[in-house]
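The values are calculated or read from the model by the stated rules, or taken from the named source; none is laboratory data. Please read all numbers here as calculations on a predicted model, not as lab measurements. Every residue, glycine among them, receives a Cβ derived from its backbone with ideal geometry; neighbour counts consider all protein chains shown.
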Amino acid sequence: MEYINEIEERVILVGVQVGDEDTQQSLDELEELADTAGAITTGKIIQSREAVHPGTYIGKGKIEEVRSLMLAVDATGIICDDELSPAQMNNLEHELECKVMDRTLLILDIFAKHATTSEGKIQVELAQLRYRSARLVGLRASLSRLGGGIGTRGPGEKKLETDRRLIRKRITALKEELSQVERHRELLRTGRSRGNLKTAAIVGYTNAGKSTLLNALTGSQVLSQDKLFATLDPTTRSLTLEDGQQLLLTDTVGFIRKLPHNLVEAFKSTLEEAKYADYIIHVADVSNPQVELQMHVVYDTLRELGADGKKTITVFNKQDVAGDVTVRDLRADYTVKTSAKTGEGLQELQELLGKLISEELLYVERVFPYQEAGKIQLIRENGQLLSEEYTENGIHVKARVPKEIYHKVI
């Protein structure tokens, strides 16, 4: 696949503050997103309004201010902090005569940049096409003059946007491909449940350290970078605890405020790993001043996915750089302070996971006749063999087993 050559984007970030929301913090995050996408932020403008302008997002006076700032800093475009309607985007492009992007387009672009597996690429393309299909009317002129940069990554610029019928056809094909992937994922989940293995989904705000934690616990080499959305594809690894119990850990795509609905829909099969997990490991970056807001976003997203209400461990990560910050999470069942980078708190986390698994096991104490020794192997594979003593009458066993196999060993 050939991509349009990268161009240097010099952008101004524009936000509308409604009520007491912290638009400045949101723009700071938007700047991080722009940096991840390869753009240089040359200025920020915030307008306080009772509501966003239905036609142009910001008011006429603010448009003039943006135009003046663009000339002063030699900006090539603007990025708005909310998802723009087709009319808002079209009107702003007409008024400012520059490239206009919104938060959703920016996140879609980052996802296209970081998608590596076939599943990830399908999900991103599906989200891109849904986004573009809603914006076909009036966008033909702007699409014809896009010369590269943010919003042009991925398969979205194959002139597909000029024909609504072709987009619908492509969306249908992508949905079918994705449904096959989802069936495969469902088979994997079924296989895990048959093996009586407990699963934990690692969730959290983007760049909280989820992949670093997975690597530290399991010794795997999942890509981890100090960037937003460095990893998109779910990765499952097996963790063997000190008492011999095994747990499957799945790293999931990071959450973010104003996560585009099209992305949530497209990545539902990936995000639903949290829905089907036995436990939630919620990773929070305590070095981030917005950590409490980020935790709130994570819980809101889990609720939207139907994954709330599960036993949750909140891992207050990055203690090595947080200093004396005190953070609480009253919605979690347990909290652990860690640094996935230095190893601090990981032993405590593993002990807690072992305790949770043990609490769900049933105690068994009996003497197995020697001809039933195969049942002891079943205990070894699926539960905890606490002790075994060979006697004249058979093997005296003390163990804890999952309720699924309890009836097979009593």
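Is there a residue being hydrophobic (A, V, I, L, M, F, W, C), surrounded by fewer than 16 Cβ atoms within 10 Å (Cβ to Cβ) and at pLDDT below 95 anywhere in the stretch 125-132? Among the residues of the stretch 125-132, not one is hydrophobic (A, V, I, L, M, F, W, C), surrounded by fewer than 16 Cβ atoms within 10 Å (Cβ to Cβ) and at pLDDT below 95, which makes the answer no. Of everything in the stretch 378-393 that is surrounded by 12 or more Cβ atoms within 10 Å (Cβ to Cβ) and of a type in the set (S, T, N, Q), the residue that is farthest from the chain's Cα centre (by Cα) is Gln384. Is it true that Ser339 is of a type in the set (S, T, N, Q) and more than 20 Å from Leu214 (Cα to Cα)? So Ser339 does not fit the description; no. Take the residues in the stretch 1-23 that are among the charged types (D, E, K, R) and in contact with a strand residue (DSSP E or B) (Cβ under 6 Å, 6 or more places away or on another chain), then tell me which one is modelled with the highest pLDDT. Filtering the stretch 1-23 for residues that are among the charged types (D, E, K, R) and in contact with a strand residue (DSSP E or B) (Cβ under 6 Å, 6 or more places away or on another chain), the one modelled with the highest pLDDT comes out as Arg10. Any residue at all in the stretch 18-31 that is closer than 22 Å to Ile150 by Cβ, small (Gly, Ala, Ser) and part of a helix (DSSP H, G or I)? Yes, the conditions are met somewhere in the stretch 18-31.
Of all residues in the stretch 331-345, those satisfying the criterion of being buried (at least 16 other Cβ atoms within 10 Å of the Cβ) and of a type in the set (Ser, Thr, Tyr) are Tyr334, Thr335, Thr338, Ser339. Might you let me know whether the stretch 99-119 holds any residue that is among the polar types (S, T, N, Q), within 20 Å of Leu166 (Cβ to Cβ) and more than 16 Å from the chain's Cα centre (by Cα)? The answer is no, given that none of the residues of the stretch 99-119 is among the polar types (S, T, N, Q), within 20 Å of Leu166 (Cβ to Cβ) and more than 16 Å from the chain's Cα centre (by Cα).
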